[in-house]
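The values are calculated or read from the model by the stated rules, or taken from the named source; none is laboratory data. Small disclaimer: the values here were computed from a predicted structure and weren't measured. When we count neighbours, we look across all protein chains shown, and the Cβ atoms used for this are built from the backbone with ideal geometry, even at glycine.
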Amino acid sequence: MELKNKNLNTPIAIVSIVIPALVALLFFLPKPDFHPGFDIKVLPLFHAILNSATAVLLVASLYFIKNQHVKAHKTTNLIAVGLSVIFLLSYVTYHSLASETRFGDVDHNGIVDAAEKATLGGIRYVYYFLLLTHIVLAAIIVPLVLFTLLRGFQNDIPRHRKIARITWPIWFYVAVTGVIVYIMISPYYH
């Protein structure tokens, strides 16, 4: 398919709005009484593995392009996008079915009381900072990745490079903080 002269700004804008809106909506909709036939409790670990793999692929991609291995750069980025799509589908599945996990909720009663907060101390602020920046940047990264890919497929190398310099560090941060947030909250899954 020839993308050189295609204007895909509108479809990219639509996707970039629909994805975060759908994810946000998951936290307000009632959970269905549906059991997918497997233990969904494994999905947060799966998400961390996908984020880890994406981070490694992004580092490899950067290495490849710095060493003029364009085909390997393209391949690693496409795999990273594929893993991100799998992540998104799995994330939506998990959060549409699972009850909320609260950071610091040792007794799993859905409330982080004063004693639990006191036990956490200042680490709460680190967790919430990482979580907040991860969420905001995860929404921002969708159009950045799509526009960066589009410029690459259009062989518009100057514009591809320009946007990739913004996209890469944000995408890498989102992937790495996804793993850190998982590690921090994993003791509180039930």
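From Pro143, Pro158, which residue is free of Cβ contacts under 8 Å to residues at least 60 places away in the same chain and in a helix (DSSP H, G or I)? Break it down into steps so the answer makes sense when it comes.
Working: Pro143 fails: free of Cβ contacts under 8 Å to residues at least 60 places away in the same chain.
Sole residue among the options that is free of Cβ contacts under 8 Å to residues at least 60 places away in the same chain and in a helix (DSSP H, G or I): Pro158.
If you check Ile12 against the conditions, is it at pLDDT 90 or above, touching a helix residue (DSSP H, G or I) at 6+ places or on another chain (Cβ under 7 Å) and either part of a loop (DSSP other than H, G, I, E, B) or surrounded by 17 or more Cβ atoms within 10 Å (Cβ to Cβ) (or both)? First the steps, then the outcome.
Numbers: at pLDDT 90 or above: yes; touching a helix residue (DSSP H, G or I) at 6+ places or on another chain (Cβ under 7 Å): yes; either part of a loop (DSSP other than H, G, I, E, B) or surrounded by 17 or more Cβ atoms within 10 Å (Cβ to Cβ) (or both): yes.
So Ile12 passes the test.
Please pick out the residue among Lys71, Lys41, Lys31 that is under 30 Å from His160 (Cα atoms) and not hydrophobic (A, V, I, L, M, F, W, C). Before the answer, list the steps.
Numbers: Lys41 fails: under 30 Å from His160 (Cα atoms); Lys31 fails: under 30 Å from His160 (Cα atoms).
Residue meeting the stated conditions: Lys71.
Look through the stretch 111-122, keep the residues that are part of a helix (DSSP H, G or I) and of a type in the set (D, E, K, R), and return whichever of them is surrounded by the most Cβ atoms within 10 Å (Cβ to Cβ). Let's see the steps before the verdict.
If we filter the stretch 111-122 for residues that are part of a helix (DSSP H, G or I), which is where we start, we get 114-120.
Narrowing further to those that are of a type in the set (D, E, K, R): 116-117.
Numbers: Glu116: 18, Lys117: 12.
Taking the candidates together, the pick is Glu116.
For Leu29, are the conditions met, namely being over 19 Å from Ile140 (Cβ atoms) and either basic (Lys, Arg) or surrounded by 11 or more Cβ atoms within 10 Å (Cβ to Cβ) (or both)?
Values: over 19 Å from Ile140 (Cβ atoms): yes; either basic (Lys, Arg) or surrounded by 11 or more Cβ atoms within 10 Å (Cβ to Cβ) (or both): no.
It is false that Leu29 is over 19 Å from Ile140 (Cβ atoms) and either basic (Lys, Arg) or surrounded by 11 or more Cβ atoms within 10 Å (Cβ to Cβ) (or both).
Pick from the stretch 66-80 the residues that are crowded, with 18+ Cβ neighbours inside 10 Å and in contact (Cβ under 8 Å) with a residue 24 or more places away in the chain: which of them is farthest from Val176 (Cα to Cα)? Step through it out loud before you land on a result.
Initial filter on the stretch 66-80 (crowded, with 18+ Cβ neighbours inside 10 Å): 73, 76-77, 80.
Still in the list and also in contact (Cβ under 8 Å) with a residue 24 or more places away in the chain: 77, 80.
Values: Asn77: 16, Ala80: 13 Å.
Ranking the candidates gives Asn77 first.
Mind checking which pairs have a first residue in the stretch 123-134 that is surrounded by 12 or more Cβ atoms within 10 Å (Cβ to Cβ) and a second that is aliphatic (A, V, I, L, M) and not in a helix (DSSP H, G or I), Cβ under 9 Å, 6 or more apart or different chains?
Within 9 Å, the pairs are Arg124/Val112.
How many of the residues making up the stretch 81-107 are touching a Leu at 6+ places or on another chain (Cβ under 6 Å), touching a residue at least 40 places away in the same chain (Cβ under 8 Å) and not in a loop (DSSP other than H, G, I, E, B)?
5
Might you check whether a residue that is in contact with an Asp or Glu (Cβ under 9 Å, 6 or more places away or on another chain) and either in contact (Cβ under 8 Å) with a residue 12 or more places away in the chain or not polar (S, T, N, Q) (or both) occurs anywhere in the stretch 166-174?
Taking the stretch 166-174 first, the residues in contact with an Asp or Glu (Cβ under 9 Å, 6 or more places away or on another chain) are none.
Checking the stretch 166-174: not a single residue is in contact with an Asp or Glu (Cβ under 9 Å, 6 or more places away or on another chain) and either in contact (Cβ under 8 Å) with a residue 12 or more places away in the chain or not polar (S, T, N, Q) (or both).
Return the total of residues in the stretch 49-64 being surrounded by fewer than 19 Cβ atoms within 10 Å (Cβ to Cβ) and in contact (Cβ under 8 Å) with a residue 40 or more places away in the chain.
3
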